[in-house]
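Following: one structure in structure tokens, then a few remarks.
Values in this text are rule-based calculations from the coordinates and carry no lab data. These numbers come from a predicted model, not from an experiment. Cβ atoms come from the backbone with ideal geometry, glycine included; neighbour counts cover every protein chain shown.
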Amino acid sequence: MEDHRGNDREEIFSKRVKAGKRTYFFDVKSTKSNDYYLTITESKRRMQGDTFVFEKHKIFLYKEDFGKFIEALQSAVDHVKNDLMPEVDFSQYEVEESETEFDDELKWE
């Protein structure tokens, strides 16, 4: 696996999703050869002594894997919804468009 630390390229698109104590960032970036990839970053705020620190985990997703990733994610979500928790009304968790607006101020590298 390649080491991508410090090699992040130009950010083309960014979407932030707040989820309780976590925030997820979906960023589209470009490579030197004008190709594109997606980074998915989970950021969790934690106390360390008297201050807050952010623990971050990042996934790099390349175009050749988009379809497989989306299919696997959808299968896992469907399994939880339909097989493990069929009694839960998941519509209560649907996101309003106003809750998913872009936030250009916060970008994680």
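Length gained on full extension, Ser91 to His57: 9.4 nm, using 0.36 nm per residue less the C-alpha separation.
Rounded to the nearest 20, the size of the Cβ-charge dipole of the stretch 11-86 about its Cα centre is 400 debye, with Lys and Arg at +1 and Asp and Glu at -1. Over all other residues within a Cβ to Cβ distance under 15 Å of Ala76, the charged ones net out to -1, with Lys and Arg as +1 and Asp and Glu as -1. Determine the shape class of the stretch 12-82: with a ≥ b ≥ c the square roots of the Cα gyration tensor eigenvalues, call it rounded for a/c under 1.5, and otherwise prolate if a/b is greater than b/c, oblate otherwise. It comes out oblate by the Cα gyration axes. Between Ala76 and Glu42, the simple label model (points 7 Å from Cα in the Cβ direction) yields a spacing of 0.8 nm. Pairs spanning more than 20 Å between alpha-carbon atoms, out of Lys15/Lys56; Lys56/Lys81; Lys32/Lys68; Lys15/Lys63; Lys21/Lys68: Lys56/Lys81; Lys32/Lys68; Lys21/Lys68.
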